[in-house]
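None of the figures in this text is laboratory data; all of them are computed from the coordinates on show. In this text, all values refer to a predicted model and were calculated from it rather than measured experimentally. With ideal geometry, Cβ positions are generated from the backbone for all residues, glycine too; neighbour counts draw on all protein chains shown.
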Amino acid sequence: MNVRKWRQGIWFLVLACAVALAQQQQGQKKQEDIPDAPSAVKPDEPPPLPAAPVPVPDESPAQPTENVPPIPKIAPPRTDDIPPSEPEPDYPKPPINIKTVPEGGATNDGSAQNLDPVFRVNVNQVIIPVRVTDDSGRMTPGLVAKDFQVFENGVQQKMNFFTSDPFALSVAVIIDLGMPDSALQKVNRTFASLQGAFSQFDEVGVYTYSSAVGEVSDFGSAGRKLGAVLDDLKTVRGHNDGVPVTGGPLGPQGPTINGVPADPSAPMVRNPPKESFVLNDAVLKAAFDLSKRDKSRRKIIFIISDGREYRSRASYRDVLRVLLTNNIMVYGIGTGSNALPGVGTVSRLHIPLMGYSNILPK
């Protein structure tokens, strides 16, 4: 009985040692699987990679070359046959002091040339139209060549031709539709006198302007056609004399019901439109059209306006240049309050950003 128990104790001790050894090996394996923490010490450089294998030349037997013709040898060219090269020309070297500026930032310091085109024309005859009136504005008849003297820069010039016979006219009539309606209706009643001022040899074109320029009729004979055009202009209304109306039954949207227009298609206008008086654009348009007319005609622009100028694309300087280049004369008739002596003088004053009240005297 004691021997049997002794044997069982030995087997139990061996089994316990085996289990402990197995657990120790399993713990070491798990510890090896855990990655090491990054070290602050710079690791050693990895060993160099093995060199790439060098290709071994093919040692297969060469192909027979009995039927292959030999490659001819080309002799190098002789240097005596090559003609000597011409020496390069001595090009002027660029200046050392080269200045560059950013794109769009070039300025004219006086050394740059003017790139504007220049047209030079030889002139052997200068025509000077003359109209002589007395203090009341009536024409003075019976004048001859000895009654006139022409000076240029203080030096008297010789006149080689003088005539009082009328020339055929090319006239551009410009009518301001941006005037108050009361002033425009007064102008409409004078269209008959305007039509009778031209002869059958004259040609007349009619233009209108307010916020934009319109060509009513092209240049044609001053006859029934001109009369029909002027009759149509009598139906045009001018601007309201008072405060702009933006609402109510007389407003731009028409009758309203509880603030809603009776006509759904009527535009809803709440603010008065910005006014424009493009007198410079109208004169420039007429001047360009007159420049295409026959050179033998006397070219005139006749303006009926109160002289207001505002928001034209063309400047007064540009318009004046075109007029002088094409020998076009401008006559203006001031209407409305600008026609009064005292008010007309004050209206010539220019307030910045407010346009010009009257540029007809210019």
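Can you give the relative contact order of the range 118-229 as a percent, counting alpha carbon pairs under 8 Å and 6+ residues apart? Let's see the in-between values first.
On the way: 101 pairs, mean separation 21.7, N = 112.
Relative contact order here is 19 percent.
Give the peptides 225-232, 153-160 in descending order of average Cβ contacts within 10 Å, highest first.
Taking the mean over residues of other Cβ atoms within 10 Å, the ranking is 225-232, 153-160.
Among the listed pairs Lys285/Lys362; Lys186/Lys285; Lys186/Lys234, give every one whose C-alpha distance is greater than 21 Å.
Going by Cα-Cα distance, Lys186/Lys285 fall outside the 21 Å limit.
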